[in-house]
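Derivation of every value follows stated rules applied to the coordinates shown; laboratory data play no part. Small disclaimer: the values here were computed from a predicted structure and weren't measured. Quick reminder, even Gly has a Cβ in these numbers, built from the backbone with ideal geometry, and neighbours come from all protein chains shown.
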Amino acid sequence: MGKITSEEHKVKKDGSESHNDKNNSAAVETEKDLGVEEPETVETVTVSEVELPETGVQENEPVAPAPEAWMAEKSALEEKIRNYEEQNLRIRAEFTNYKRRVEREQLEFAEYIKGDILSKFLPVLDDFKMMFKKSLAGANEQSVLEGARLIYENFNQILEKEGLERMRVLGEKFNPQLHEALMMRPIDNKEEHEKVIEVFQDGFKFKDRLLRPSKVIVGKYENHQS
């Protein structure tokens, strides 16, 4: 066999490529003639991107109960309201009765205390009656005065046992919360300045509670320099 030169090989190669190009062109023209179109690129769409038509019902929206269920619930609520109203009226009536009972018991207790205190004054009343009898029978003045003194002491003892305290204020510094000054009396003793020098009427306390202030006369030192 003879050798193929480079020019011949090139001619054959070029001829082969030309032949292939012609075949491809013929195939394309044949597809066009037959109406075959090239496939188009399809765009992928996800479900979340698709807008669905609104149906008027939102997700998780409560569903209206049936009329029968609504009427049953309404009746149950009305029954509860009636029960609460009756319970409220009953409690108010019980509280009113309790309040009246407490007030009645307090009045009864106060009356009992009054009776207990008055019963302790009966011996004093008996002493007064005895003194008047002796006075009418012609007892001397000294005997009557002695009887009056005993009655007075007995009466004071009863009051002290009940918690009444007579205030001893003579010589004390004047205190407007405990004393009622009737007048200021000039004095020569500087030590008695603004002190109680005379008690006109005794004051009393009951268990640290002031019942009546002492009516007093207060000394005033004339040469006192303020």
Ascending count of other beta-carbon atoms within 10 Å, so fewest first, for E198, E78: E78, E198
Two-site FRET efficiency, E180 against F206, from Cβ-Cβ distance with R₀ of 25 Å, rounded to 0.05: 0.90
Relative contact order (%) - criterion: Cα under 8 Å, at least six apart; region: the stretch 165-226: 43
J(HN,Hα) series, the stretch 82-91, from Karplus relation 6.51 cos²θ - 1.76 cosθ + 1.60, nearest Hz, glycine and proline x: 4, 5, 5, 5, 5, 5, 5, 5, 5, 5
Exceeding the 25 Å Cα-Cα cut-off - candidates K120/K205; K120/K173; K99/K207; K114/K161; K173/K205: K120/K173; K99/K207
Dipole magnitude (debye, nearest 20) for the stretch 165-226, charges at Cβ of Lys, Arg, Asp, Glu: 320
Long-range HN-HN contacts of E194 with modeled amide H, under 5 Å: G219, K220, Y221
Amide proton proximity set for M167, modelled H, under 5 Å, gap of 5+: G203, F204, K205
Amide H partners (placed H, <5 Å) of E180, local residues excluded: S214, K215, V216
Taking D127, D116 and counting other C-beta atoms within 10 Å, the order from fewest to most: D116, D127
Rounded to the nearest 20 debye, dipole of the stretch 81-186 from Cβ charges on Lys, Arg, Asp, Glu: 200
Within the stretch 146-190: backbone nitrogen closer than 18 Å to the K134 label point (7 Å, Cα to C-beta): 146-156
